[in-house]
Amino acid sequence: MDGEKQREQFEKIYLRTKEMAYDRIAAKCFAADDVDDIFQNTYIAVYKALGKLKEPPPNEEAFVMLICNRQLMKYYSAVRRLKERIAARSSREEESGDFPEVSFTVEDSIIDRTTVEEIRSMLRRKPLVTQKVFFLYYRRGLTIRQTAELLEISEGAVKSHLYRTLEEIRRRYRGKET
């Protein structure tokens with residue numbers, strides 16, 4: 001594929017698949033901080049792969065998902081992936097309970113950058129599934145149902161992760177508001 005055709009094909013594929021790929025990466029990554037790096041690596045690889053093809057891929061979504069999965073595997077070692085699967089399975093088994101819809105947003109309680117960084121730091125110390133729930137729900141703006149489907153956990157588990165962590169944030173930062 002020549003350079004101009006490659007660029008046009010890439011832009012078309014990118015516009016059609018970027019949200020799907022970003023959500024997939026967010027659901028499968030081991031840390032929310034890794035999402036943007038893996039996303040960028042995925043589309044660099046897509047662009048390079050298009051340059052090697054004579055014709056556009058017949059199924060663009062499958063083409064991008066294949067590259068996306070390869071980039072995820074490349075980014076993480078096999079041992080780390082295995083540990084994450086075991087932890088996620090244990091976490092799913094422990095989650096139960098039904099909580100009401102959460103309407104609280106983290107931004108509602110944040111006063112300054114220091115508090116934001118403290119909350120981010122606290123979230124990084126949480127289990128991976130909790131980090132993913134927060135990333136998908138707050139940063140991506142997905143619903144509880146969409147978050148549950150992407151992470152392959154129940155809606156109750158998503159609500160539980162949100163509720164418990166938000167309660168911890170409220171307790172910790174209640175007195176810091178001025």
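We did not get these values from a lab; they are worked out from the coordinates using the rules stated. Note that the structure is predicted; figures quoted are calculated from it, not measured. For neighbour counting, all protein chains shown are included, and Cβ atoms are generated from backbone atoms with ideal geometry for every residue, glycine included.
A few remarks follow.
- Whole-Hz Karplus values for region 16-29 come out as 6, 10, 4, 5, 4, 5, 4, 5, 4, 5, 4, 6, 9, 6 Hz, taken residue by residue from phi with 6.51 cos²θ - 1.76 cosθ + 1.60 and θ = phi - 60°; glycine and proline positions read x.
- When M65, M73 are sorted by how many other C-beta atoms sit within 10 angstrom of their C-beta, beginning with the fewest, the order is M73, M65.
- Cα shape, region 1-81, gyration tensor, a/c 1.5 rule: prolate
- Cut-off 14 Å (backbone N to label point 7 Å along Cα→Cβ of R124), residues of region 14-58: 31-35
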